[in-house]
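Just so it is clear, none of the values below were taken in a lab; they were calculated from the coordinates. Being a predicted model, the structure only gives us computed values, none of them experimental. So basically every Cβ, Gly included, is an ideal-geometry build from the backbone, and we count neighbours across all protein chains shown.
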Amino acid sequence: QAFDRMEKIVHKLGEECPWTKSQSSDSIIKHIREEVEEVEDEIERNEELSLIEEELGDVVFNILLLSEVLQKESRGGFKLERGIQKTADKVMRRSPHVFGGEKAITVQEAMDLWQREKKREKGIIP
């Protein structure tokens, strides 16, 4: 619900706000880096969860803003949802110990399975 609301807000900004309209993917990437640093700072300072949540919200806002800019730059060819779906599929493939029949008891076993599946995807191993 909150994510959908933010998507609608960002889209409206992209349509009606002169500042948002003036942004490029390069300028938004700079904002994303700054916001990620702010999240890192809050975590390192062991700040209140509400402050970390707010900073993560800022990161999500800027990612959605980047998506909006990329959609305009590509005349609608870019779709964030498509990228999210591809990542969800990839995570499931690379985690057969969670989403398949394999077992991983240790962190190393989980990492080994991830790397094996990644190599399979890239055709390095059968």
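Tabulated data
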quantity	calculated
Exposed trypsin sites (Lys or Arg not before Pro) absent: longest stretch of the chain, with sites in DSSP loops and at most 14 other Cβ within 10 Å deemed exposed	1-44
Which label in (1) 137; (2) 169; (3) 117 gives the computed volume of the Cα convex hull per residue in Å³	(2)
Karplus 3J(HN,Hα) series, Hz, for the stretch 67-80 with 6.51 cos²θ - 1.76 cosθ + 1.60 (x for Gly, Pro)	4, 4, 5, 5, 4, 5, 4, 9, 6, x, x, 7, 9, 4
GNM result for the chain, Cα springs below 10 Å: residue of GLU37, GLU109, GLU16 fluctuating most strongly	GLU109
Within the stretch 3-44: backbone nitrogen closer than 17 Å to the GLU53 label point (7 Å, Cα to C-beta)	3-6, 39, 42-43
Gyration tensor verdict on the stretch 49-88 (Cα atoms; rounded if a/c is under 1.5, prolate if a/b is larger than b/c, oblate otherwise)	oblate
Potential lengthening between VAL60 and MET6 on full extension [0.36 nm per residue; Cα-Cα distance subtracted]	18.6 nm
Loop-resident sites, the stretch 40-81, for GluC sites (Glu not before Pro), counting at most 15 other Cβ within 10 Å (DSSP)	GLU47, GLU48
Spatially near lysine pairs across the stretch 7-115, Cα under 21 Å, sequence gap of 8 or more or different chains	13
Label zone at SER24 (point 7 Å along Cα-to-Cβ), backbone N below 19 Å, the stretch 62-77	63, 65-76
